[in-house]
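One structure is given below, encoded as structure tokens.
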Amino acid sequence: MDAALKPVILTYHSISDGRTPLEISPALFAAQMEWLKGNARVLSLEELVALLVKRSPMAARAVVLTFDDGFRDFHAAAAPVLRKLGLSATVFLPTSFLGRSNAWPGQPSWVTPQPLMDWAEIRELADQGFAFGSHSVSHPDLTALNATELEFELEKSKREIELRINRPAEFFCYPYGRWKADVRAAVARHYRGACSTGAGVVEPDADPYALPRVDAHYVRSMSWFRRMFTRRFEAYIAARRTIRRLRRQPEGIYARA
Ligand SMILES: [Zn+2]
């Protein structure tokens, strides 16, 4: 396939008017979704991973929408726009913080605590067709855990989501984008795929357990957002990745403090 048409998995956190890298305003979000509706094919994460695993040709101009941390504003601000446009999305939940806030230990100091959805809201959205995956129980750096602790984070979060929404939770998202070989292997025993924060478009041979994503913060300018599926867009995202590596910053914007 044309290199410039590779799929893009977008990462959102909060859809609100704050000014941190975690926040995309409702107006900008609506404009981005309108553009995707007319210019991209929005697939579910399940559909994209199925194509990768089968080594099937990738759908041109494919986009997957993911939302990390389960912010309450997904229910209030994002879901109505997605429903109106008929776009699917996957939300990754840190199960022990639901109904509370994102004030977990290790949060960078610039993050303002914001409320997360509760199970009633999540159940309502699941009934409307939104997909939910695990973002662990307690949002730890999984690479710092022992095998028992790791198993707990992977198994308990999956079981609780499935019990609460009565549907499978087949995908995982590494907190802070942090993983290594034994973490990946444990995730692969429970899930069908996992998202990282390593910035990039999805290559045809991408590892389904370390899927690269493009953080919405990197493309908050509509002029960059509209360049999606071009070589310039790929080069721009690759440059953002390189800059973080040169600065020895972890992948993604949501680095652990
Ligand atoms: Zn997170």
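The values are calculated or read from the model by the stated rules, or taken from the named source; none is laboratory data. Here the structure is a predicted model, which is why all the values come from computation and not from measurement. Every residue, glycine among them, receives a Cβ derived from its backbone with ideal geometry; neighbour counts consider all protein chains shown.
Against the criterion of being buried (at least 22 other Cβ atoms within 10 Å of the Cβ), touching a Lys or Arg at 6+ places or on another chain (Cβ under 7 Å) and hydroxyl-bearing (Ser, Thr, Tyr), Ser134 qualifies. Taken together, the criteria exclude Arg220 from residues that are over 18 Å from Leu52 (Cβ atoms), touching a residue at least 40 places away in the same chain (Cβ under 8 Å) and more than 19 Å from the chain's Cα centre (by Cα).
Mind listing whichever residues of region 162-182 are surrounded by fewer than 24 Cβ atoms within 10 Å (Cβ to Cβ) and away from the ligand (no atom under 15 Å from the Cβ)? Passing the criteria: Glu162, Leu163, Arg164, Ile165, Asn166, Arg167, Pro168, Glu170, Lys180, Ala181, Asp182.
Tell me the residue from Leu5, Leu51, Leu87, Leu10 that is surrounded by 15 or more Cβ atoms within 10 Å (Cβ to Cβ), more than 16 Å from the ligand (Cβ to nearest atom) and modelled with pLDDT of 95 or more, please. Even if it seems obvious, please write down each step before you answer.
Working: Leu5 fails: modelled with pLDDT of 95 or more; Leu51 fails: modelled with pLDDT of 95 or more; Leu10 fails: more than 16 Å from the ligand (Cβ to nearest atom).
None of the other options fit; the residue is Leu87.
Residues of region 60-74 being more than 12 Å from His135 (Cα to Cα) and assigned to a strand (DSSP E or B), which ones? Ala62, Val63, Val64, Leu65, Phe71 - these are the residues of region 60-74 that are more than 12 Å from His135 (Cα to Cα) and assigned to a strand (DSSP E or B). When Arg55 is tested against (1) outside any helix (DSSP H, G or I); (2) within 18 Å of Arg227 (Cβ to Cβ); (3) out of contact with any Ser or Thr (no Cβ under 7 Å at 6 or more places or on another chain), just one condition goes unmet, and that condition is (2). What about Leu52, is it touching a residue at least 40 places away in the same chain (Cβ under 8 Å) and either hydroxyl-bearing (Ser, Thr, Tyr) or out of contact with any Phe, Trp or Tyr (no Cβ under 8 Å at 6 or more places or on another chain) (or both)? Considered against the rule, which asks whether it is touching a residue at least 40 places away in the same chain (Cβ under 8 Å) and either hydroxyl-bearing (Ser, Thr, Tyr) or out of contact with any Phe, Trp or Tyr (no Cβ under 8 Å at 6 or more places or on another chain) (or both), Leu52 comes out as yes.
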